[in-house]
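Have a look at the structure below before the remarks.
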Amino acid sequence: MKQSALALAIAFALAACGGDDSHSTSGGNAQTLGQINGTAASGSPLDNGSITIKDVQGHSITVQTDAQGRYSADLSQFASPALLEATGLIGGVPVSLHSVATQTGTVNITPLSDAILSMSSDTEANECFLNAAVCAAKFDSAKLNQSQASLKTALAPLMQAVGLDSRADLLRTAFAADKTGHDKLLEMVEVSAGSPPGTIRLQSKRSQVASTVSRDQKPSPLPADDLPDLSRLDELAEQLNAAYLSADGLDKRLAALLSDDFQFDGDNAAQYLAREMEDAGYGETYVGGRFSPPKVETCYSAALCQISMTVRVAGMAPSYFRMKARLQKEGWKLAGNDSPVSLQMDAGARQIISAPDNGSAKVSLLNLVLSQHARHDNPVYSQPDRPAAHIVARSAQLLADGKAILTLKENAECAQLEPQELASANPDYHCPVNYLTPDSFAAVYNDALSRNALKLRFYADDRFAQPVGKDFSPRAPLFTAAEIAQQAFPALTSDTLQALAKANGASDLKLAWQMPPRLWFNSLLLDMRQKGQPQRIEDNAGALANPLTLNARKSPTLTSPDFLRVTIWSQDKQGRGLYTRYQLR
């Protein structure tokens, strides 16, 4: 490792002295850059994302990545160092990755380059980018070199296991997003901000062992035992794209992609395929869509990993596809989610703004919809002459390190399991789906989640004695009260609010909104009512334009609405849903 650090120090020293790849400015006090290129990826590439680049002198440009996450940019007018921010979707979740260009040539943008920038500036990478002029002054080549050396000490066993040369420069050595070498390293390690700022937490996605890394302290290396062979994992996306080309024959094409032990929301392979064909008939499907290369979320063994993909279907907002994948003799196959029942479990947050009383309230939410039935047998999907639905689960527990932190019991009227310890976020809803999460609960939840020790377990009885199916793993951490207090939410513009104040069922409406940094627009819904008149309910129908025109479902007789609500949904980089609901009348 000492030789690697020395090589990096020499490279940065040459850059600082104005090597062949750099140019002096006319003043002679700062370097200018030139052509740069590289890959933006987190294992899976940043597919058609945006890269914004700016320097200390205020120059700024934006370029796009291609489907493989590759980009190039002319920085001949930019002073060194320049900071880079890549935004877009990876695995169906919004991401924001950062890097730093000190000379021309390759500049990679990955979670590891993000970590190097944070460690070198003692600031979270996104804050560093927002305050580029101030932040760039905090680091130099020695700090960049020292930060990378610390990261490589922690990653040394993993780098060796994936076949990545220890001399590789994580910032400047070119790589392809192909699940080998550098890219496989990105797939096998989770990178997150630590505390204090400038500290990084690395966690192996295979062993779940974590290590804290800072610029000045030697970290503990992460183990690299029993890693999966990911070289053929991207084939799944290609096969799904081919399977969903059309509804005709979808079930036969999709059948070849399912594992021998497939189970999804209680459906076996045959039941899942039948439901997919039925959904295709209703237009609720991925038919015609494009699946991005998979991102690895975690691996339970060398042959079983949790993956996610971005799915883009024309006329719809991008969505995510999340399943387990199993490595069989023929390659990687979809293995479902092992849940014995239909379920939805997501972290989120809500802001309600009430115009009548000028009130505003923000809360953290757990979106929890746990049916007692398998997906194909769910009473929600009514079928003529169908026998009574079979109840699979009569109770459930959310376990942290094997200890129950939440108990769920049946609400027979709603055919669902509901938590006993959490209050509904909508007390007037007969069948609640959103629950308030106090900080004491969120702390235990988030700690267990960070160690992959949070599991949802189902039981066939109401005494938590007869487990049924396999455990389910939640995806994202809950918001804490402190985070909610600081969190900015989507907001309608003042012009839009003024127009809505005068609107009725016959109005042409053009709605505009402001989306805070680090949030991505997902959808919008208008709900207008008047007693005795047809409702006017319109959504963005997959359109992402801002402003958005709504005039497809006017209700001319709705002349004096007594109820008007607009909701804007967004997503953060951890896939959590944040929405603002305006109660205007």
Subject >> Pairwise FRET efficiency - GLU127 versus ILE391, Cβ, R0 = 51 Å, nearest 0.05 >> reply: 0.55
Original post:
How about the stretch 239-344: which GluC sites (Glu not before Pro) there are in a DSSP loop, with at most 15 other Cβ atoms within 10 Å of their Cβ?
Top reply: GLU284, GLU330
Subject >> Full-extension gain in nm, ASN37 to ASP229, via 0.36 nm per residue minus C-alpha separation >> reply: 66.3 nm
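With only alpha-carbon atoms in the gyration tensor, what are the semi-axes of the equivalent ellipsoid for the stretch 488-583, in Å, largest first?
Working: eigenvalues 126, 30, 28 Å².
Computed over the stretch 488-583, the values are 25, 12, 12 Å.
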Subject >> Separation of the ALA485 and ALA255 label points, Cα + 7 Å toward Cβ, nm >> reply: 5.9 nm
Original post:
Roughly what percent of Cα-Cα pairs across the stretch 76-196 reach past 25 Å?
Top reply: 21 percent
**OP:** Per residue of the stretch 121-134, in order, report the coupling 6.51 cos²θ - 1.76 cosθ + 1.60 (Karplus, θ = phi - 60°) as ³J(HN,Hα) in whole Hz, putting x for Gly and Pro.
**Re:** 10, 6, 9, 4, 4, 5, 5, 4, 5, 4, 10, 4, 4, 6
Original post:
If each Cα of the chain is one equal point scatterer, what is log10 of I(q)/I(0) from the Debye formula at q = 0.08, 0.09 Å⁻¹?
Top reply: -0.61, -0.78
Original post:
With each run of n ≥ 4 DSSP H residues scored as -39500 (n - 2.57), what mean residue ellipticity at 222 nm is computed for the chain after dividing by its residue count and rounding to the nearest 500 deg cm²/dmol?
Top reply: -6000 deg cm²/dmol
Subject >> Relative contact order, percent, the stretch 2-213 [alpha-carbon distance under 8 Å, six or more residues apart] >> reply: 20 percent
Subject >> Simple label model, 7 Å out from Cα along Cβ direction - THR493 to GLU413, nm >> reply: 4.5 nm
Subject >> the stretch 144-209: mean projected area of Cα convex hull, nm² >> reply: 4.6 nm²
**OP:** Step through the table entries LYS295/LYS333; LYS138/LYS295; LYS324/LYS403, compare each Cα-Cα distance with 23 Å, and write down the pairs that go over it.
**Re:** LYS138/LYS295; LYS324/LYS403
Subject >> Amide N proximity, the stretch 508-523 versus ALA552 label position 7 Å along Cα-to-Cβ, cut-off under 18 Å >> reply: 508-512, 522-523
Subject >> Percentage relative contact order, the chain, counting C-alpha pairs under 8 Å, at least six apart >> reply: 10 percent
**OP:** Please say if the stretch 233-323 is rounded, prolate or oblate, where rounded means a/c under 1.5 for a ≥ b ≥ c the square roots of the C-alpha gyration tensor eigenvalues, and otherwise the choice is prolate for a/b larger than b/c and oblate otherwise?
**Re:** oblate
Original post:
All other residues with a Cβ under 11 Å from the Cβ of GLN239 taken together, and with Lys, Arg as +1 and Asp, Glu as -1, what is their net charge?
Top reply: -1
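Computed over the Cα atoms, what is the radius of gyration of the stretch 366-477 divided by 2.2 N^0.38 Å, N being its residue count?
1.11
Starting from the Cα-Cα distance between CYS431 and SER246, subtract it from 0.36 nm times their residue separation and give me the gain in nm to one decimal.
So the extension gain works out to 63.0 nm.
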Original post:
Exactly which chymotrypsin sites (Phe, Trp or Tyr not before Pro) in the stretch 546-585 are in a DSSP loop and have at most 10 other Cβ atoms within 10 Å?
Top reply: none
Original post:
Among MET323, MET528, which comes first, second and so on when ranked by fewest other beta-carbon atoms within 10 Å?
Top reply: MET323, MET528
**OP:** Ratio to report: Rg/Rh of the stretch 289-424, with Cα atoms as the point set and Rh obtained by the Kirkwood method; give two decimals.
**Re:** 1.03
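Quick note: the coordinates plus some simple rules give every number you see, no bench work behind them. Given the structure is predicted, the values throughout are model-derived calculations rather than measurements. Cβ atoms come from the backbone with ideal geometry, glycine included; neighbour counts cover every protein chain shown.
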